[in-house]
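The values are calculated or read from the model by the stated rules, or taken from the named source; none is laboratory data. Quick caveat: nothing in here was measured; it's all calculated off a predicted structure. Note that we place each Cβ from the backbone using ideal geometry, even for glycine, and neighbour counts take in every protein chain shown.
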Amino acid sequence: MTDTLPMPISAPLTPAQRSQVLNLVRRAARAEIMPRFRALSADQIDQKSGPQDLVTEADRASEAMIARGLVQMFPNAFIVGEEDAAKNPDIIAKIAEAEMAFTIDPVDGTWNYAHGLTQFGVILSVTRFGVPVFGLLYDPVMDDAIVADEVGPAQMLQPRRAPRTLNASVGGELTDLQGYANLYMLPENKRAAMAASLPTFQRALSLRCACHEFRMLAQGHVDFVLSAGLTPWDHAAGALIAKRAGCHVAMTDGSDYRADRRDGALLAAANMATWNRLRDHWSFLND
């Protein structure tokens, strides 16, 4: 049984606007991301906070292209891109004040992308006063997307195929679960306890890419995603899409997730019963 999903009055984007946004992301991937994949030189890859936190020429160019297109389509919207926020971190707090804000992660999984791995994607969300109301998880390699808004179900959109509605897994007992938990994104004083907790599960990994982790969750291929080091461009879209696929999504302290939230850990799980088991298993996260 899945959680009951609230049904608001109207969608944040019209069907035509959704198509325009997806086409914009697709064009940016074709023009700026895929031509550089496995073709980057050393001087096209930079570090931000350290060697695990990379930015490439593709990140900057695709974010600029997507942001320009969104401004043309939604001139009154507030636009927050990951690379812009890296230079102006104070803009994240303004998401809570914006009636319509877009967040952009132009190449989620940049470490993978820069090292030639295919687990990367483009993440885009729309928020309303900090609450996610539309999410898009795009795979440039396969040219498909998972989307959802606060009205309808999560759907897989593939070229030349009908949209397919997605549903979360049935969840289960801890020993039967598979999912994603990146312990290195947790505070250092929580990592040992997290590492000790992982053998309980059937499988617990990290793809180093929130886009593909939430895509797997929404398709029912895994049972949970635990996220820390929260950023709106990494987690707002996935949190909404997981919810619309039937997952229970909340901070581990039980509070609602918001796109302007930076502290704490976000837990998305197949259903409330599974979420509660995981929350209890990871009670040390709230100490």
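With respect to the conditions (1) among the basic types (Lys, Arg); (2) touching a residue at least 40 places away in the same chain (Cβ under 8 Å); (3) at positive phi, Arg215 lacks only one, and its number is (3).
Results for (1) touching a residue at least 60 places away in the same chain (Cβ under 8 Å); (2) within 16 Å of the chain's Cα centre (by Cα); (3) in a loop (DSSP other than H, G, I, E, B), shown as yes or no for each residue.
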| residue | (1), (2), (3) |
| --- | --- |
| Ser62 | yes, no, no |
| Ile66 | no, no, no |
| Asn76 | no, no, yes |
| Ile79 | no, no, no |
| Ala96 | yes, no, no |
| Thr118 | no, no, yes |
| Val122 | yes, yes, no |
| Met142 | no, no, yes |
| Pro153 | yes, no, yes |
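Being touching a helix residue (DSSP H, G or I) at 6+ places or on another chain (Cβ under 7 Å) and either surrounded by 16 or more Cβ atoms within 10 Å (Cβ to Cβ) or farther than 21 Å from Met65 by Cα (or both) holds for only one residue in Arg36, Arg18, and it is Arg36. The condition (being in the same structural domain as Glu32 (by TED's automatic domain parsing), touching a helix residue (DSSP H, G or I) at 6+ places or on another chain (Cβ under 9 Å), buried (at least 24 other Cβ atoms within 10 Å of the Cβ) and more than 23 Å from Gly264 (Cβ to Cβ)) is satisfied by just one residue among Val122, Val141: Val122. Given the structure, is Trp282 outside the structural domain of Gly152 (by TED's automatic domain parsing), over 14 Å from the mean Cα position of the chain (by Cα), among the aromatic types (Phe, Trp, Tyr) and farther than 28 Å from Gly50 by Cβ? When the stated conditions are applied, Trp282 does not pass them.
Scan the stretch 36-54 and tell me whether some residue there is without any contact (Cβ under 8 Å) to a residue 12 or more places away in the chain and part of a helix (DSSP H, G or I). Yes, some residue in the stretch 36-54 is without any contact (Cβ under 8 Å) to a residue 12 or more places away in the chain and part of a helix (DSSP H, G or I).
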